[in-house]
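Report on the structure given below.
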4 protein chains.
Amino acid sequence: MSHFDGVKDVHRVTDVYKLVSRSWRVGPTRIDLGDGVTIGGGAMTIMAGPCSIEDEKQVAETVDFLVSQGIHVMRGGAFKPRSSPYSFRGLGLEGLKMFASIARAKKIKVITEVLDVSTIEPMMEHVDIFQVGARNSQNFTLLDELGKVDKPVLLKRGLSGTLEELLQSAEYIFSKGNEKVILCERGIRTYEKAYRNTLDLNAVPYLKEKSHLPVVVDPSHGVGIRRYVPAMALAGTVAGADGLLIETHKCPEEALSDGAQTLSFQEASELFDKIKKLSQLELA
Amino acid sequence: MSHFDGVKDVHRVTDVYKLVSRSWRVGPTRIDLGDGVTIGGGAMTIMAGPCSIEDEKQVAETVDFLVSQGIHVMRGGAFKPRSSPYSFRGLGLEGLKMFASIARAKKIKVITEVLDVSTIEPMMEHVDIFQVGARNSQNFTLLDELGKVDKPVLLKRGLSGTLEELLQSAEYIFSKGNEKVILCERGIRTYEKAYRNTLDLNAVPYLKEKSHLPVVVDPSHGVGIRRYVPAMALAGTVAGADGLLIETHKCPEEALSDGAQTLSFQEASELFDKIKKLSQLELA
Amino acid sequence: MSHFDGVKDVHRVTDVYKLVSRSWRVGPTRIDLGDGVTIGGGAMTIMAGPCSIEDEKQVAETVDFLVSQGIHVMRGGAFKPRSSPYSFRGLGLEGLKMFASIARAKKIKVITEVLDVSTIEPMMEHVDIFQVGARNSQNFTLLDELGKVDKPVLLKRGLSGTLEELLQSAEYIFSKGNEKVILCERGIRTYEKAYRNTLDLNAVPYLKEKSHLPVVVDPSHGVGIRRYVPAMALAGTVAGADGLLIETHKCPEEALSDGAQTLSFQEASELFDKIKKLSQLELA
Amino acid sequence: MSHFDGVKDVHRVTDVYKLVSRSWRVGPTRIDLGDGVTIGGGAMTIMAGPCSIEDEKQVAETVDFLVSQGIHVMRGGAFKPRSSPYSFRGLGLEGLKMFASIARAKKIKVITEVLDVSTIEPMMEHVDIFQVGARNSQNFTLLDELGKVDKPVLLKRGLSGTLEELLQSAEYIFSKGNEKVILCERGIRTYEKAYRNTLDLNAVPYLKEKSHLPVVVDPSHGVGIRRYVPAMALAGTVAGADGLLIETHKCPEEALSDGAQTLSFQEASELFDKIKKLSQLELA
């Protein structure tokens, strides 16, 4: 392109990400979390729980709810990135330990966000999946370090990240040796302000075609309005997602963060039933 | 808001559109096209056909295909809006007459785009649904005139139209007396260029909640890449759409416009089967 | 691009617009409005006035103000496109006649928006420049007709129009025979909601490089907040604009539309002085 | 807003950032870099240099050029964030030491990007301004740590960061005790792909009004095309910027990164002359 005279090196996409592409590995990657829990390779894996870990009672109630629903992975933030320095920033490492000990006692796997290289090591034994949030999607130092860890990493698309950038960020982790990478669509920033973000489900067939990695959809952050979360979760399911991240809380009105996008247990339960019905249909 | 000092009148959304809102009419609007064909009110209505009408052979083949699939509405452009003045602009009125006469002989309803007030009258008797394209979504002169016509109007969201603007444009038509308005999500313009547009399925639960009008999804223009159209069509279905606009052509490689997003009859047939399966599930 | 298999014809930009490009005409186009008033070709032309024409008093006051400032072109809408059918839609043709008769008595040229093909003819004798608004930037029927008219046309970029689309829309007019086309940047739609639109001044050097047509900036709609209009007007001037569209009103608080972005006469006068100073600097 | 039922706490903007706002400090903040070099408070400060530090020869040539131009701050990356793991990632700490030692010998101040908390300490003595890049604009761990450092921090707006988010990120640094924060507009991500980014100059009057902190514009990354950089640099100057970041290289065609947006010394010199002329005009 003549706009870009002065550029010395332009690479084709297939050069900038390679190991995470279908040309490197044709079949889908399936990630094993132990105890028979997997992500990718055909089944639908639901990961549910509150935005933030708040206290033992909340964790225990959620764990019991997930067990009753046949769900094996619980989400919950202990380290929270917040736009304002004056917002609640999570319970930190102690909160994570409490969360993990209650969840694992019931064989529930733990997914939680990691914000910084320095906390990888202490978090390590209490985490089953490290989550990299949208704001860290191009924090290359963090990606480099997670590439050296023997734990799955769920990598969210940036607030306005392109899919090519997401795949390149996954390549950072994968090329350092950690092949357990999960891609996550979580809504992008557009001109439309009728919802918190614009969940971009077009990303699902695109990512599934370009990459062998599992693709997860987060409709809770994606659309950000509780009443629309079920429709988007179902849509993500039939679009081909390998998993869903769903925010649920016993009492969303009392959640310390993101209550507006969080389903009650009753609402979540109804949604899970529908997802199961859909997953049983032979569509692919 | 202090930004906007100097503004005299700020209306609440419920003031700027009223007749198309759920506060005006609680139950869903069902539009009757005759011969038992309807849009809205529960069933899924598929509208399929080529981007542009090309010749009698193409129309006849498409009509036969739709009949074989149990589909009752055919799309096809006779007047084409094109960014460049040097592109193919459609067969015009003669093409439309030919299209309508072949389709109606097999009881297939006709949906086609209207570009200008001056062509409403001559198109009238050959059209079952007037389609207003994204570039005319805020052509208020055209909307005013379509408000006086006794034919359904399918109104597409603008290239970067907000949902509130779409509802206000619908209000133009409805408030002039034409209550047969269908809303259509067709993909928005975002920073992401991995696809032609970003189909915004979040619009479906939003529009269904705010308005009693039927909501249709156009995954062909919406994502604009043939391989991803089926996933997005299915996703739109479970998100709650009342109808789908699908581009199909006997030989997409030879289509005069938009071949890249057009399904072959074989691909379309497989998709229709899946849509039927999904529509039979009880999810709502 | 392999995304787009099935596409038969991809043209290079230089094919989709040609007559408006620098490869067709190397030097800048200068448009003569008569009485020594010109746009393009070096000088800075300010066009100022209210958003909407309201009454004789308002027009007369504005004309007197412009005369006192040495400004020769007055803007003012008689036909207003409004998102809601319930908003003020302008005084129409009678308002335009009144506007033109008062302005021309003082040798002030008239620029006003045309919404529809049917009003071109009656507006003709009362207009010196037809303005095509952002919502009609791809109303190809209107562009075709304006291509047959012997009056300058100021063409605004769409709400989310690309610059390539703007140039193609200009090509519609130019290729029909009307070579007096003026391009206008008026702010685009982005995720940022701190201002009404995001005035995109990058468009100025881009359009000046690609096209020989004059380029005008509308900072009033572009940023949409009165306090920021002067900074953006000055920035547009040094970015290379051939003209500016500035909203001004004797009493912005009482303006029937867009008061929030309209300068008082006092504010406008201070701005005009600064623009003159800048225009005298030798920067190019 | 009824969309957001379930939200417990909504703060007004003035609550989410407070110390960086004009309500906390009315007059402009002026940051002293020593040796009479300042940013903010009236004067225009140009910071120029290559995208990446490459070798001693390149640094020495650039330093000599800046001295000849009367410019006192040199930019140059030693740690480079790159979308792809396979791109050049900079010379690292050794490169920075070399850069600083050559620049400081001629009393040129050093601004360079910091990517990670762990490198703050070793970089400390070789840096006069820490630059936080767009991808780290919401890396709250990094912002927290920079808040404890006694060096100025130039904070870039995120790729699709809102201005409110930028001010909140500045508040992170400021509220931890480091009051030497500089805000930087560097182009946002929009649908328009005619340029690398869309430099958003509307941000300048907005940020100057809301905050007492100095505001710098980076037209090189902002528009990303060499031929348009001068126009945007001039426009940023009259829009009210306190400083400019300009990429320049003795031979842009040979630059290891971002050559397409980098001015030659000759082009830069012509631009600096124009900026000086503009800065001497009394516009404010």
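The values are calculated or read from the model by the stated rules, or taken from the named source; none is laboratory data. Predicted model, so just to flag it, every value in this text is computed and none were measured. Backbone-built Cβ (ideal geometry, glycine too); neighbour counts: all protein chains shown.
If I filter the range D:170-192 down to residues being out of contact with any strand residue (DSSP E or B) (no Cβ under 6 Å at 6 or more places or on another chain) and away from chain B (no Cβ under 13 Å), which single residue comes out as surrounded by the fewest Cβ atoms within 10 Å (Cβ to Cβ)?
D:G177
Only one of these is under 16 Å from A:H221 (Cβ atoms), aliphatic (A, V, I, L, M) and in contact with a Lys or Arg (Cβ under 6 Å, 6 or more places away or on another chain): A:L183, A:L154, A:L159. Name it.
Criteria check complete, one pass: A:L159.
Filter the range D:239-281 down to the residues that are charged (D, E, K, R) and in contact with a Lys or Arg (Cβ under 8 Å, 6 or more places away or on another chain), then identify the one that is farthest from C:V229 (Cα to Cα).
Among them, the one singled out is D:E254.
Looking at (1) in a helix (DSSP H, G or I); (2) more than 15 Å from C:G49 (Cα to Cα); (3) free of Cβ contacts under 8 Å to residues at least 60 places away in the same chain, which one does C:E209 not meet, given that it meets all the others?
(3)
Can you name the number of the only condition in (1) of a type outside the set (G, A, S); (2) crowded, with 22+ Cβ neighbours inside 10 Å; (3) in contact with a Ser or Thr (Cβ under 6 Å, 6 or more places away or on another chain); (4) not in a loop (DSSP other than H, G, I, E, B) that D:L244 fails?
Among (1) of a type outside the set (G, A, S); (2) crowded, with 22+ Cβ neighbours inside 10 Å; (3) in contact with a Ser or Thr (Cβ under 6 Å, 6 or more places away or on another chain); (4) not in a loop (DSSP other than H, G, I, E, B), D:L244 violates only (3).
Before we move on, is C:G161 within 20 Å of C:M232 (Cβ to Cβ), within 13 Å of another protein chain (Cβ to nearest Cβ) and modelled with pLDDT of 95 or more?
Judged against the criteria, C:G161 is a match.
Inspect all residues belonging to the range C:67-79 and state whether any of them is modelled with pLDDT under 95 and over 30 Å from B:L142 (Cα atoms).
Scanning the range C:67-79, I find no residue that is modelled with pLDDT under 95 and over 30 Å from B:L142 (Cα atoms), so the answer is no.
Among (1) facing another protein chain (nearest Cβ under 9 Å); (2) of a type in the set (K, R); (3) surrounded by 24 or more Cβ atoms within 10 Å (Cβ to Cβ), where does C:R75 come up short?
Condition (1) is where C:R75 drops out.
May I ask you to list the residues in the range D:247-284 that are in a helix (DSSP H, G or I), more than 10 Å from chain A (Cβ to nearest Cβ) and not charged (D, E, K, R)?
The answer is D:F265, D:Q266, D:A268, D:S269, D:L271, D:F272, D:I275, D:L278, D:S279, D:Q280.
Checking the structure you have, find out if any residue of the range C:266-275 is buried (at least 24 other Cβ atoms within 10 Å of the Cβ) and either free of Cβ contacts under 8 Å to residues at least 24 places away in the same chain or among the small types (G, A, S) (or both).
The answer is yes, given that some residue of the range C:266-275 is buried (at least 24 other Cβ atoms within 10 Å of the Cβ) and either free of Cβ contacts under 8 Å to residues at least 24 places away in the same chain or among the small types (G, A, S) (or both).
Can you tell me which residues in the range A:110-131 are hydrophobic (A, V, I, L, M, F, W, C) and either over 21 Å from D:L143 (Cα atoms) or buried (at least 23 other Cβ atoms within 10 Å of the Cβ) (or both)?
A:V110, A:I111, A:V114, A:L115, A:M123, A:M124, A:V127, A:I129, A:F130
Results for (1) touching a Leu at 6+ places or on another chain (Cβ under 7 Å); (2) in contact (Cβ under 8 Å) with a residue 24 or more places away in the chain; (3) not small (G, A, S), shown as yes or no for each residue.
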site	(1), (2), (3)
C:I129	yes, yes, yes
C:L143	no, yes, yes
C:L146	no, yes, yes
C:E164	no, yes, yes
C:L167	no, yes, yes
C:V181	yes, yes, yes
C:C184	yes, yes, yes
C:T190	no, no, yes
C:N197	no, yes, yes
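Any idea which of (1) surrounded by 24 or more Cβ atoms within 10 Å (Cβ to Cβ); (2) within 14 Å of chain B (Cβ to nearest Cβ); (3) under 21 Å from C:S220 (Cβ atoms); (4) more than 15 Å from the chain's Cα centre (by Cα) is the one C:Y195 doesn't satisfy?
With respect to (1) surrounded by 24 or more Cβ atoms within 10 Å (Cβ to Cβ); (2) within 14 Å of chain B (Cβ to nearest Cβ); (3) under 21 Å from C:S220 (Cβ atoms); (4) more than 15 Å from the chain's Cα centre (by Cα), C:Y195 is out only on (1).
Which ones in the range D:222-235 are more than 7 Å from every other protein chain (Cβ to nearest Cβ) and either in contact (Cβ under 8 Å) with a residue 40 or more places away in the chain or not in a helix (DSSP H, G or I) (or both)?
Selection gives D:G224, D:V229, D:P230, D:A233.
Does D:G133 count as within 12 Å of chain A (Cβ to nearest Cβ), touching a Pro at 6+ places or on another chain (Cβ under 6 Å) and closer than 23 Å to D:R89 by Cβ?
Yes.
If a residue must be within 14 Å of chain B (Cβ to nearest Cβ) and either touching a Pro at 6+ places or on another chain (Cβ under 8 Å) or outside any loop (DSSP other than H, G, I, E, B) (or both), how many such residues does the range C:12-71 contain?
Residues meeting the conditions: 6.
Residue by residue through the range A:1-38, note down the ones that are over 20 Å from D:R82 (Cβ atoms), modelled with pLDDT of 95 or more and among the polar types (S, T, N, Q).
Of everything in the range A:1-38, those that are over 20 Å from D:R82 (Cβ atoms), modelled with pLDDT of 95 or more and among the polar types (S, T, N, Q) turn out to be A:T29, A:T38.
Tell me, yes or no, whether the range B:144-153 has at least one residue that is surrounded by 24 or more Cβ atoms within 10 Å (Cβ to Cβ), touching a Ser or Thr at 6+ places or on another chain (Cβ under 8 Å) and at pLDDT 95 or above.
The answer is no, given that none of the residues of the range B:144-153 is surrounded by 24 or more Cβ atoms within 10 Å (Cβ to Cβ), touching a Ser or Thr at 6+ places or on another chain (Cβ under 8 Å) and at pLDDT 95 or above.
Filter the range C:198-221 down to the residues that are of a type in the set (D, E) and buried (at least 24 other Cβ atoms within 10 Å of the Cβ), then identify the one that is nearest to the other protein chains (Cβ to nearest Cβ).
Once the filter is applied, the top-ranked residue is C:D200.
Mind listing whichever residues of the range B:76-117 are of a type in the set (G, A, S) and more than 24 Å from B:F65 (Cα to Cα)?
B:S83, B:S84, B:S87
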